Amino acid sequence: MASSAALPPIPPTIGSITASQLVGSLLNFYLFGVLSVQVYVYHACFPKDKASIKYLVYLIFLFMALSTCLNAADAYFWYASGFGNLIQFSKAHISPFYTPIGGSIIASVIQMFFCYRIWIIKKSAVYLSIAIAIISLIQAIGGLGGGIKAYVAANQDHDELRTVLMWLIGDACADVMIAGAMTVLLTQASRENHRQTNDLVKRIVRLIIETNALSASVAIISLILFAGVPGTNYFICPTMILPGIYANTLLVTFNNRAFAAGGGNLTQQTPSFADNYPRPIPPMTFATNPTSVNILRTTHKVSDADIGLNRLERGSSSDKPHYDDSTWNLNG
C-alpha cells in the first residue's frame, strides 16, 4: 500500500464517490438473506419437484452465496483496509466477477428457463422463445465482455460503451418480452373457463409482470445512469443488485405455488411480488373445499416446478393452451 504522503487528499464529494458501491453491497447482503429464506421455503414445501428443477434452485443459491462472499471481500478491500485510500478504492478488485459476469450469467440462466416455459405452454411459440434466448445470450456476452475488460483495466469506470449497452439493453428487452409472452399465453388459456381458473391466472399474470418489470426497470435505471450521468459511478449500485433480483424472481415464482394451490381458500390473498418478496411462505395444509373440485390437501404433492397449471403446459392437439378441472386433481 502506498504511504499516506503519496495518497491524494479526500475530496469534499467523497460521499457521492463511495456511496454507490456501499449501498449496492448492503442491498446485496439483504437480497441474499431473502434468497436464503426463499430457498428454505422451497425445500420445505416442494420436495417432490423434478431433480432438474432442484438442481437449478440449489446451484443458483450456491452461485449467489459465492457472489455475496466476493462482495464482502470487496467491501473490506474498499472500506476497511483501503479506508481513505482513493487509489485503492478506484480499483475494481474482484467486483467484475460477481457484477457484470455473475449478473449476466444468472440473468441468462433464468431467462432461458422462462423461454423453456413459454415453449412448453405453446409449441408454436418456439420462434419467440428462440428470439428471447438469442437476446439473452447477447446480454450475457455483453456482461462477460464488460466484466473481463473492467478486470483487466483494474478500474471502476467500465468505459466500454458497447459491452455495457449489450448487457443492460439485452437484460431489459428479454425481461419485457418474457413478461409479454407469458401474459398473452396465460390470458388466452383462461378464456371461456370458470371463475376460479380466471382468478388464478390473473394472480399468476400479475406476479409475472411484477417480477419481470422489476428486473427490467433496474437494468434500465443502470443504463440511464451510465449514459445520462457520465464520469460518475452511480450506475454501479443497480448493476450490483441485478443478480440478487433475478435469483429471487425465480424463487418467488416457484414458491407462489403455495398460494396458487390453495384454490378458493386463498382467494382473498392475492399474491404479488411485494407479498412474496420480504416474507417467507411456510409449509401449509389446505382443507377440502366442498364447492370446488378435489382441492389439493398439501403442497408436497406438486411435482412440476410451475405455478399450478401443469395440465395447461402440456398443450393440446390443436396447439392451443387449455385448462380443465382435472388440473387440480394432483392426488391422483
Subject >> Entries of 48/202; 50/202; 91/149; 123/202; 54/202 with Cα pairs more than 24 Å apart >> reply: 48/202; 50/202; 54/202
Original post:
When you count, for each residue, the other Cβ atoms within 10 Å and take the mean per peptide, how do 208-218, 248-258 rank with the highest first?
Top reply: 248-258, 208-218
Original post:
What order do you get for 122-129, 142-149, 21-28 when each peptide is scored by the mean count of other beta carbon atoms within 10 Å, highest first?
Top reply: 142-149, 21-28, 122-129
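Values in this text are rule-based calculations from the coordinates and carry no lab data. Just so we're clear, the structure is a prediction, and the values are computed from it rather than from any experiment. Cβ coordinates were reconstructed from backbone atoms using ideal geometry, including for glycine residues, and neighbour counts include every protein chain displayed.
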